[in-house]
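The values are calculated or read from the model by the stated rules, or taken from the named source; none is laboratory data. In this text the structure is predicted, and so the values were computed from the model without any measurement. In this analysis, Cβ positions are derived from the backbone assuming ideal geometry, glycine residues included, and neighbour counts consider all displayed protein chains.
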There are 2 protein chains.
Amino acid sequence: MTDAKYISEQFENLQQHICQVLNVADGKALFEMNSWQKDIGHGISGVMQDGKYIEKAAVNFSKVSGKYTKQMAGLLGEDANHYTATGVSSILHPVNVHVPIIHMNVRYFELDNGISWFGGGIDLTPHYIIKEDAKWFHKELKQVCDNAHPDFYSKFKPWADDYFFLSHRNETRGVGGIFFDRIKPGEYLNINDLLTFCLNLGKLYPEVYSELIKLHGDKSVTEQERKWQLLRRGRYVEFNLVHDRGTKFGLVSGGNTEAILLSMPPDASWEYMHMPEEGSKEAETQALLKKDIDWINQ
Amino acid sequence: MTDAKYISEQFENLQQHICQVLNVADGKALFEMNSWQKDIGHGISGVMQDGKYIEKAAVNFSKVSGKYTKQMAGLLGEDANHYTATGVSSILHPVNVHVPIIHMNVRYFELDNGISWFGGGIDLTPHYIIKEDAKWFHKELKQVCDNAHPDFYSKFKPWADDYFFLSHRNETRGVGGIFFDRIKPGEYLNINDLLTFCLNLGKLYPEVYSELIKLHGDKSVTEQERKWQLLRRGRYVEFNLVHDRGTKFGLVSGGNTEAILLSMPPDASWEYMHMPEEGSKEAETQALLKKDIDWINQ
């Protein structure tokens with residue numbers, strides 16, 4: 001069995017695990033699983049809609065392969081003929097504005113020249129930033145990182161700040177998390193330990209979210225808070241369509257559009273020159289959408 | 001006076017004219033004009049919000065100039081040191097779903113090596129396509145084209161079909177219109193006649209929209225129609241953030257983000273695997289979102 005085949009099976013199991021934990025956390029809606037098959041490969045889109053706590057959730061698995069094109073070579077700077085890519089990616093949009101939006105992705109890329117690597121990350125986008133939550137979230141991430149390699153958190157945390165950044169707004173998407181790409185087996189860890197790290201990250205993801213739902217999912221919501229939620233969802237749309245590499249790559253390379261655009265919020269709004277009132281909760285959150293905040297030791 | 005200076009003055013006048021006609025058409029809200037100044041140039045954002053018929057409108061004028069970068073050279077394939085760009089661009093989002101979304105842009109680009117060109121276009125995005133409206137709209141465009149050059153409509157109409165196309169959805173943005181780019185003085189017309197053509201297009205724009213408001217602005221709207229409006233606004237967001245060259249160029253080149261993102265609808269929604277019911281009005285519109293429809297002779 002090739003590495004890619006084994007890893008893709010593990011990722012498929014991970015997808016199922018995440019959906020099961022989130023089914024329990026929501027308690028009302030269940031994930032619907034839709035398999036798809038194209039010439040470039042296959043996948044399963046897991047979709048939850050109109051749950052008690054989760055308004056829209058996507059947990060996608062895919063395994064695709066094909067000719068390694070000049071465009072890819074230009075992007076990745078490796079010389080090869082054929083690639084295989086497999087991964088799980090997920091975004092959760094909550095009903096309640098006091099529960100954050102969250103995103104997770106783990107992926108494995110393999111070329112026929114023997115080169116391969118892992119990438120992934122988790123990042124949290126609270127509509128209203130609560131510092132203790134951000135601290136706890138980063139501590140959980142650091143724990144999984146530290147269990148794998150002592151350098152991971154200190155390397156992957158700033159990487160997330162840089163990646164999940166809306167340069168056209170000069171603001172981060174939220175309180176960040178971790179992000180990593182092109183981590184090759186042998187560089188920090190062997191292939192099995194890198195896979196274990198990715199799977200542990202993937203398993204942390206629904207655990208963290210279940211806890212956030214418990215903490216905030218039943219809070220009352222004012223009209224002003226709901227309005228703010230829609231504006232923040234607008235920012236999420238901007239990030240995904242303007243900046244996110246996976247989305248852009250997927251849409252232009254003929255991926256499964258409906259599966260890719262599951263990352264879109266159910267609704268969103270835009271307001272010209274919107275500025276939160278000075279001293280408001282919204283202004284407080286806006287002021288924290290910055291890189292390089294040490295959430296653990298704030 | 002250089003060409004760019006004269007043309008930018010004409011474009012600034014055009015912006016004012018468009019706002020004035022639309023103020024009358026709406027009858028309730030008025031455009032607010034905000035000037036901005038950056039190191040790369042200056043502009044005026046005209047914004048109307050919460051009108052009787054127009055929910056959100058942007059009419060932007062700008063004139064920017066600067067170093068002609070390698071990135072631009074790669075994109076445009078000309079050798080120069082300095083560029084100047086000036087233009088008017090506009091998008092109108094109506095309150096009533098029975099009034100279309102509309103977009104117009106005219107622009108002039110000048111390099112210090114003596115090369116210059118015009119670009120622009122108008123396209124119409126009905127939430128519900130009405131064939132007679134599309135026919136009338138294209139006849140109006142053809143008239144302005146024919147007054148300038150006999151080849152313009154037959155050349156610029158398919159260009160719009162290709163440009164205003166969501167490849168990831170395999171659908172056009174609406175019923176198209178005209179689009180043109182890099183039309184150099186001397187190629188079809190001299191610089192003055194090209195400018196006149198652009199100004200006539202710009203003037204047609206609010207006239208067409210005033211007529212569409214009169215025709216459909218007071219129609220009643222069902223809940224299902226409103227839901228469809230939000231989904232079509234979602235598609236509009238997708239086009240602008242994923243495909244539109246002006247938006248992408250503006251956001252990554254450090255343009256005025258608030259002015260650029262005035263093109264966003266006030267709100268939008270996304271629904272996984274949404275399929276209009278067979279035989280419905282929505283399905284009828286969906287089936288007409290195709291290239292190469294001869295709207296005038298349908």
Query raised in the report: Can you tell me which residue in the stretch B:154-176 is surrounded by the fewest Cβ atoms within 10 Å (Cβ to Cβ), limited to those that are closer than 23 Å to residue B:128 by Cβ and polar (S, T, N, Q)?
Result: B:170
Query - Residue within the stretch A:23-36 that is over 23 Å from residue A:193 (Cα atoms), away from chain B (no Cβ under 14 Å) and part of a strand (DSSP E or B) present - result: no
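Run down A:140, A:171, A:187 and say which single residue is within 14 Å of chain B (Cβ to nearest Cβ) and among the acidic types (Asp, Glu).
Details: A:140 fails: within 14 Å of chain B (Cβ to nearest Cβ); A:187 fails: within 14 Å of chain B (Cβ to nearest Cβ).
The unique qualifying residue is A:171.
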Query raised in the report: Within the stretch B:120-144, can you find the residues that are more than 20 Å from residue B:88 (Cβ to Cβ) and either among the hydroxyl-bearing types (Ser, Thr, Tyr) or in a strand (DSSP E or B) (or both)?
Result: B:128
Requested in this report: Output yes when any residue across the stretch B:161-174 is at pLDDT 95 or above and farther than 30 Å from residue A:248 by Cβ, and no when none is.
Outcome: no
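Give A:297, A:192 a once-over and let me know the one that is without any contact (Cβ under 8 Å) to a residue 24 or more places away in the chain, in a helix (DSSP H, G or I), surrounded by fewer than 16 Cβ atoms within 10 Å (Cβ to Cβ) and more than 13 Å from chain B (Cβ to nearest Cβ). Give the steps one after another, and end with the answer.
On the way: A:297 fails: in a helix (DSSP H, G or I).
None of the others qualify; the one that does is A:192.
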Query - Checklist (1) in a helix (DSSP H, G or I); (2) away from chain A (no Cβ under 11 Å); (3) farther than 26 Å from residue B:158 by Cα; (4) of a type outside the set (Gly, Ala, Ser) applied to residue B:208, failing item - result: (3)
**Report entry** Residue in the stretch B:251-281 that is farthest from the other protein chains (Cβ to nearest Cβ), counting only those that are farther than 27 Å from residue A:229 by Cβ and in a helix (DSSP H, G or I)
**Finding:** B:281
Report summary line: When every residue in the stretch B:143-168 that is within 14 Å of chain A (Cβ to nearest Cβ) and not hydroxyl-bearing (Ser, Thr, Tyr) is compared, the one farthest from residue B:110 (Cα to Cα) is B:168
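Which one is surrounded by the most Cβ atoms within 10 Å (Cβ to Cβ), of the residues in the stretch A:53-95 that are closer than 25 Å to residue A:113 by Cα and of a type in the set (D, E, K, R)?
So in the stretch A:53-95, the residues closer than 25 Å to residue A:113 by Cα come out as A:61-88.
Of the ones still in play, those that are also of a type in the set (D, E, K, R) are A:63, A:67, A:70, A:78-79.
Details: A:63: 21, A:67: 11, A:70: 8, A:78: 15, A:79: 10.
Here the residue is A:63.
In the list B:241, B:201, B:231, which residue meets the criterion of being without any contact (Cβ under 8 Å) to a residue 24 or more places away in the chain, part of a helix (DSSP H, G or I) and closer than 30 Å to residue A:242 by Cβ?
Working: B:201 fails: without any contact (Cβ under 8 Å) to a residue 24 or more places away in the chain; B:231 fails: without any contact (Cβ under 8 Å) to a residue 24 or more places away in the chain.
From the options B:241, B:201, B:231, the qualifying one is B:241.
Rundown of residues vs (1) in a helix (DSSP H, G or I); (2) without any contact (Cβ under 8 Å) to a residue 12 or more places away in the chain; (3) within 14 Å of chain A (Cβ to nearest Cβ), yes/no style:
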position: B:56; (1), (2), (3): no, no, yes
position: B:66; (1), (2), (3): no, no, no
position: B:71; (1), (2), (3): yes, yes, no
position: B:80; (1), (2), (3): no, no, no
position: B:83; (1), (2), (3): no, no, no
Query - Selection from the stretch B:66-105 of residues that are β-branched (Val, Ile, Thr) and at pLDDT 90 or above - result: B:84, B:86, B:88, B:91, B:95, B:97, B:99, B:101, B:102
Report summary line: Among B:285, B:247, the single one that is at the interface with another protein chain (Cβ under 9 Å from one of its Cβ atoms) and surrounded by 14 or more Cβ atoms within 10 Å (Cβ to Cβ) is B:247
Report task. Give the residue that is nearest to the other protein chains (Cβ to nearest Cβ), with candidates limited to residues of the stretch A:218-228 that are touching a residue at least 40 places away in the same chain (Cβ under 8 Å) and among the charged types (D, E, K, R). Result -> A:227
Query raised in the report: Taking residue A:241 and the conditions (1) facing chain B (nearest Cβ under 8 Å); (2) under 16 Å from residue A:93 (Cα atoms), which numbered condition does it fall short on, given that it satisfies the others?
Result: (2)
